[in-house]
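These notes concern the structure reproduced below.
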Amino acid sequence: MSGDEECARGDLLTQALAGERAAFAALVRRHQRSVYSMALRMLSDRHAAEDLAQEVFLQLFRNLSAVSSEAHLGFWLRKVTMHRAIDRLRRAPRLEGAAEELAAAVSEAEPADPLLERRLLALLRELPAAARAVVLLRYQEDLDPVEIARTLRMPLNTVKSHLRRSLAQLRERLDGTADALT
Amino acid sequence: MSEGLENNQELERRLRSALGAVDPGEGFAPRVMARIAAGAADTARPARAGAVASWLAFGLAASVVLASLLAHEWQARRLEQGREARRQLIEALRVTDEKLDLAYRAVNTREGGAPPEHSGV
């Protein structure tokens, strides 16, 4: 990100903090993909994901004064989204989307191997909520384990353990799928 | 399918590719802003309702105080009227007594005799 762009982002946050609704709407547009994607991959339901993402931004609007910088804003959004998603899954653990929901969760970028990526997303849904959150923050949000530990308020070793076990589980199941196909 | 997944790096690359961002659509931000506006209206409404309720409570309390003052005044006036009536009755009885006494004396004087020992008055 260039210095000018960083400055513009800071200005937007300052304007939103000053009560400018248009600036806040611009902040929503800037972060909506990240928040919605996390919610969708956690809940596997488009409507629930939209509702959760909206609630996250409503909470941000009410607590905007607690956000000190653009970097802090990203951290805050990821933390609140993940904690809300995990809470929601605890309350309704069978919140499982249909096959078309899985299709909706597939990345908009043209996948190199659509079948494999669909299968990966389906297997991701089978991981426990905390492990799924760790994997999403690592491979969707590109956070390192230390940042994931801070975001999820989880010990670093637990994060590393979740990553290791989740990757092993995904690999094993993908191999199983491949064996079944051959 | 697993040919390219022989090591974790390949699996991680696939994961990153599969977990690209998904856009919630054009209308997402306007929907959030509409919910914010609705929330602001909801919080303003209870504030207005609260103001109306406190004015009603104030009016009710003022009415109760005024009513008790009026009741107290009405009762004091009735007591005063009772005392005045009693005073007037006593005065009337005193005047009647005097008149009867005068009449009795006049009757006795006309008959020329001393008043009887037991007049009955």
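Need the failing condition index for A:Leu120 against (1) within 18 Å of A:Ser34 (Cα to Cα); (2) crowded, with 23+ Cβ neighbours inside 10 Å, just the number.
The one condition A:Leu120 does not meet is (1).
If I go through the stretch B:62-86 residue by residue, how many of them are within 30 Å of the chain's Cα centre (by Cα) and charged (D, E, K, R)?
In the first step, residues of the stretch B:62-86 are kept if they are within 30 Å of the chain's Cα centre (by Cα); the result is B:62-80.
Those left that are additionally charged (D, E, K, R): B:73, B:77-78, B:80.
Counting residues in the stretch B:62-86 that are within 30 Å of the chain's Cα centre (by Cα) and charged (D, E, K, R) gives 4.
Could you tell me how many of the residues in the stretch B:10-34 are of a type in the set (Lys, Arg) and over 30 Å from A:Leu174 (Cβ atoms)? Even if it seems obvious, please write down each step before you answer.
So the first thing to find is which residues in the stretch B:10-34 are of a type in the set (Lys, Arg), and the list is B:13-14, B:16, B:31.
Those left that are additionally over 30 Å from A:Leu174 (Cβ atoms): B:31.
Matching residues across the stretch B:10-34 total 1.
When the stretch A:149-182 is examined, which residues are found to be of a type in the set (A, V, I, L, M) and in a helix (DSSP H, G or I)?
In the first step, residues of the stretch A:149-182 are kept if they are of a type in the set (A, V, I, L, M); the result is A:149, A:152, A:154, A:156, A:159, A:163, A:167-168, A:170, A:174, A:178, A:180-181.
Matches in the stretch A:149-182: A:Ala149, A:Leu152, A:Leu156, A:Val159, A:Leu163, A:Leu167, A:Ala168, A:Leu170, A:Leu174, A:Ala178, A:Ala180, A:Leu181.
Find the helices (runs of 4 or more DSSP H) located wholly in the stretch A:96-148 whose residues include 3 or more that are at pLDDT below 85, and list them. Walk me through how you get there before you give the answer.
Numbers: elements: A:99-105, A:114-125, A:129-139.
Helices (runs of 4 or more DSSP H) meeting the threshold: A:99-105, A:114-125.
Residues being within 7 Å of chain A (Cβ to nearest Cβ) and modelled with pLDDT of 90 or more: count how many of those fall in the stretch B:20-33. Lay out the reasoning, then the answer.
Looking only at the stretch B:20-33, we keep the residues that are within 7 Å of chain A (Cβ to nearest Cβ), and these are B:20-24, B:28-29, B:31-33.
Cutting the leftovers down to modelled with pLDDT of 90 or more gives us B:22-24, B:28-29, B:31-33.
Summing the residues that are within 7 Å of chain A (Cβ to nearest Cβ) and modelled with pLDDT of 90 or more in the stretch B:20-33 gives 8.
Let me confirm something: among A:Leu13, A:Leu73, A:Leu17, which residue is more than 12 Å from every other protein chain (Cβ to nearest Cβ), surrounded by fewer than 16 Cβ atoms within 10 Å (Cβ to Cβ) and in contact (Cβ under 8 Å) with a residue 12 or more places away in the chain? Break it down stepwise before answering.
Working: A:Leu13 fails: surrounded by fewer than 16 Cβ atoms within 10 Å (Cβ to Cβ); A:Leu73 fails: surrounded by fewer than 16 Cβ atoms within 10 Å (Cβ to Cβ).
The match here is A:Leu17.
Every residue, every condition in (1) surrounded by 15 or more Cβ atoms within 10 Å (Cβ to Cβ); (2) among the hydrophobic types (A, V, I, L, M, F, W, C); (3) in contact with a Cys (Cβ under 9 Å, 6 or more places away or on another chain), yes or no:
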| site | (1), (2), (3) |
| --- | --- |
| A:Glu126 | no, no, no |
| A:Ala129 | yes, yes, no |
| A:Tyr139 | yes, no, no |
| A:Leu143 | yes, yes, no |
| A:Val159 | yes, yes, no |
| A:Leu167 | yes, yes, no |
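How many residues does the stretch B:15-37 contain that are over 17 Å from A:Ala122 (Cβ atoms) and assigned to a loop (DSSP other than H, G, I, E, B)?
6
The values are calculated or read from the model by the stated rules, or taken from the named source; none is laboratory data. Source: prediction; values computed, not measured. Positions of Cβ are backbone-derived with ideal geometry, glycine not excepted, and every protein chain shown enters the neighbour counts.
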